[in-house]
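> Below are the structure tokens for one structure; questions will follow.
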Amino acid sequence: MPIRVLDKKVVAQIAAGEVVERPASVVKELVENALDAGATQIVVEAKGGGVSLIRVTDNGSGIPADEVELAFERHATSKISSVADLQSIHSLGFRGEALPSIAAVAQVEMVTCAVGEATGTFVSLEGGVMVQRRTQARAPGTTVAVRQLFRNVPARLKFLKSAATENNHIAGVVSQYALAYPEVAFMLMIDGRKTLSTSGRGRLMDSIMEIYGLETARQMLEVKSDGWSGPVEVSGMVGAPTLSRAGRDYLSFFVNRRWVNSRLLTRAVEEAYHGLLTVGKHPVAVIALSLPPPEVDVNIHPAKSEVKFHNERTVFMAVQKAVRQALVEQMPVPSIGEVATAPYAPPVQREQEIWNRVAVSGRSPQPAVDTFLPLTASLPVLRVIGQLMKSYIVAEGPDGLYLIDQHAAHERIILEQVKAQRARQAVEVQGLLAPATLEVSPAEAQVMKWHLTELASFGFTLEPFGERTYLVRAVPAVLGNGDWLSALRELLDAGNDKASWTEKVLISLACHGAVRSGKALTDDEMRALVRQLEQTAAPHTCPHGRPTLIRLSAGQLSREFRRT
Ligand code: ADP
Ligand code: MG
């Protein structure tokens, strides 16, 4: 085929392919337009997974009658006019591509009325061409209805997932923008059913409650950078470590109020949770960054969903520090839930009841507000009273009774000790009196080869001894009296997940080196353990993210004994 310039229609469809990937992309563009128009109320409706209908109605500034046609021209925008403007974009849109792209792959109708104009305009487009135009009454604002999406692009249509999945993506987009703009009231109707709505009261906490629910909102901590991070301001909310999720869907980032995907920001947040969440778990976070527009390039992605920071390191540090600070300063100590005032019950039964609640509250803390005291990173000085069930240390603090899980607490201590030793390259090792042999399977042998140096850095001295046998000459001192063999086996089974390998070794050492539940401890041992726990950087959780201690406050005690 000879080279030739493609006809306008083909060009439009190719370009549309970049902007409109699926129904949710249409929703995103239309919602962004509504926000740019200063709307305070935005209604999104979807039918048939967004393929039959997507309609977005706003009460924004509207489009003047004589500009309506232009809005559907490619590269026509009211938001920038020069290259210089590209350096400091304050709007969500700027490419002038959304409306023409959507019109290229769907049937579109728009009713709009500009503030200050007496009447509105109705237009309808087929295949990107305007086929109707008339005046129509409307209050200021804009409604865009998009029907039969991708009917003229069968390849795209085939690629779409089930209506339920597409609906999920649509709900995702609306949720994210609702989180980014708490001052805007959003409503989402899917197949005629109200699936989401926010009040637009302007508080992020309200939006989080409306979108993620009360239980989640209750466990969110406020993030604030308070001016120490230079031009980058960080705000938002993050979940306490008790609120972990299996995936990264609950991480939202807004850069100058634009919803973006960002590996950098994801890493910064996850870094801040380091050691507080179980490996493989992810936090809940809503983080808004505000920085001077020239500091961030928003023009690197056709759907504008990625940005590039000019100073990535500053941004990374600012986010990581702000989140870490929020966690350390406000992290709640799980506390024994409010014990219901019950009629007299025999003491034994009563005790059991309290323990049941303790067990429950560890999993889903839902205590009365005053028991959710934010504690500073460090523990108060605790006085050890004794041991309970050979598993828990009972201690008195300035503000109540503390129960410390001896195993979890010791895990935290070991984890931090080993980390510190490694940082100083001074890991304590313990030589074995006689070298032990360790036989490994072919798969384990492979893992062993990959990680021999890393294992050595933790204090394992392992020498190849034949094809699938190793001689173990020394082990990390923390495992010296413990079960180093199980730890080693567990690591070899863990496979070759490079990213989390170091973390896995640390956790495994902590777990196998820590004193077991069910072991009687002397008073001295308990006191030493509590002193060491007080000195750790994150005394409130074990490396798996479980609590190391719970507290029964003085207030709860007096309520329980009906002294108040
Ligand atoms: P962009 O948003 O990049 O400018 P669009 O194709 O999305 O490009 O929109 C083109 C123009 O149409 C916008 O610049 C804006 O002036 C106008 N417009 C689109 N949607 C709305 C709306 N909901 N309210 C007011 N004006 C709108
Ligand atoms: Mg736009």
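> May I ask for the Rg/Rh ratio of the chain, computed from Cα atoms with Rh as the Kirkwood radius, given to two decimals?
Result for the chain is an Rg/Rh of 1.08.
> I would also like to ask the following. Percent of accessible area on the stretch 8-197 owned by carbon and sulfur, 1.4 Å probe?
Roughly 54 percent, rounded to a whole number.
> Mind checking the per residue accessible area of the stretch 8-197 for me, 1.4 Å probe, whole number of Å²?
Heavy-atom accessible area per residue stands at 44 Å².
> Something else: How much accessible area per residue does the stretch 427-513 have, in Å², with a 1.4 Å probe? Intermediate results must be reported in sequence, preceding the final value.
Working: 4220 Å² over 87 residues.
Using a 1.4 Å probe on heavy atoms only, each residue of the stretch 427-513 averages 48 Å².
> While we're looking at this one, here's another question. Ignoring ligands and nucleic acids, what accessible area does residue 317 show with a 1.4 Å probe (Å², nearest 10)?
Counting only protein heavy atoms, residue 317 exposes about 80 Å² to solvent.
> Using every pair of alpha-carbon atoms in the stretch 8-197, split the distances into 5 Å bins beginning at 0 and state the percent of pairs per bin, rounded to integers.
1, 8, 17, 21, 21, 18, 10, 3, 0
> When all alpha-carbon pairs of the stretch 484-550 are counted, what percent fall beyond 18 Å? Please report the intermediate quantities before stating the final value.
On the way: 1085 of 2211 pairs.
Tail fraction, whole percent: 49.
> Please list, or write none, the lysines whose alpha carbon is within less than 26 Å of the alpha carbon of residue 504, excluding same-chain residues fewer than 8 places away.
Within the straight-line cut-off, residue 504 pairs with 281, 321, 419, 449, 519.
> I would also like to ask the following. Which value, in Å², gives the accessible area per residue of the stretch 219-330 when a 1.4 Å probe is used on the protein heavy atoms?
Accessible surface, normalised per residue, equals 42 Å².
> Once you list every other residue whose beta carbon is under 14 Å from the beta carbon of residue 8, what net charge do they have if Lys and Arg are +1 and Asp and Glu are -1?
Summing Lys/Arg as +1 and Asp/Glu as -1 gives +1.
> Note the full-extension length gain between residue 563 and residue 468 as 0.36 nm times their separation in residues minus their Cα-Cα distance, in nm to one decimal.
Additional length available on full extension: 27.4 nm.
> Going by accessible area, probe 1.4 Å, with all protein chains left in place, what is the ranking of 540, 169, 90, largest first? Intermediate values should be presented prior to the final figure.
Numbers: 540 10, 169 75, 90 155 Å².
These residues rank, largest area first, as 90, 169, 540.
> Then there's this: Calculated from DSSP H runs of 4 or more alone, at -39500 (n - 2.57) each and per residue, what is the 222 nm mean residue ellipticity of the chain, nearest 500?
-11000 deg cm²/dmol
> Using the Cα centre as the reference, give the magnitude of the dipole from point charges on the C-beta atoms of the stretch 427-513 (Lys, Arg: +1; Asp, Glu: -1; all else neutral), rounded to the nearest 20 debye. Write down the numbers at each step before the final one.
Values: 6 positive and 11 negative charges, 22 e Å.
Roughly 100 debye for the stretch 427-513.
> Find out how many positive minus negative residues lie around residue 65, taking Lys and Arg as positive, Asp and Glu as negative, among other residues whose Cβ is under 12 Å from that of residue 65.
Summing Lys/Arg as +1 and Asp/Glu as -1 gives -1.
> Could I ask something else about it? Could you tally the net charge around residue 490, taking each other residue with its Cβ under 13 Å from the Cβ of residue 490, Lys/Arg +1 and Asp/Glu -1?
Cβ neighbours under 13 Å give a net charge of -1.
> Something else about it: Leaving out ligands, DNA and RNA, and with a 1.4 Å probe, what % of the accessible surface on the stretch 427-513 is carbon or sulfur?
Reported share for carbon and sulfur atoms: 53 percent.
> Find how much the distance from residue 500 to residue 443 grows on full extension, using 0.36 nm per residue of separation minus their present alpha carbon separation; answer in nm with one decimal.
18.7 nm
> Under 16 Å Cα-Cα from residue 194, which lysines qualify once same-chain neighbours fewer than 8 residues away are excluded?
Excluding near neighbours in sequence, the set is 47.
The values are calculated or read from the model by the stated rules, or taken from the named source; none is laboratory data. The shown structure was predicted, so the numbers you read here are calculated from the model rather than taken from an experiment. Every residue, glycine among them, receives a Cβ derived from its backbone with ideal geometry; neighbour counts consider all protein chains shown. Side chains included, ligands, DNA and RNA excluded: accessible areas come from the protein's heavy atoms. Shrake-Rupley method; radii C 1.70, N 1.55, O 1.52, S 1.80 Å.
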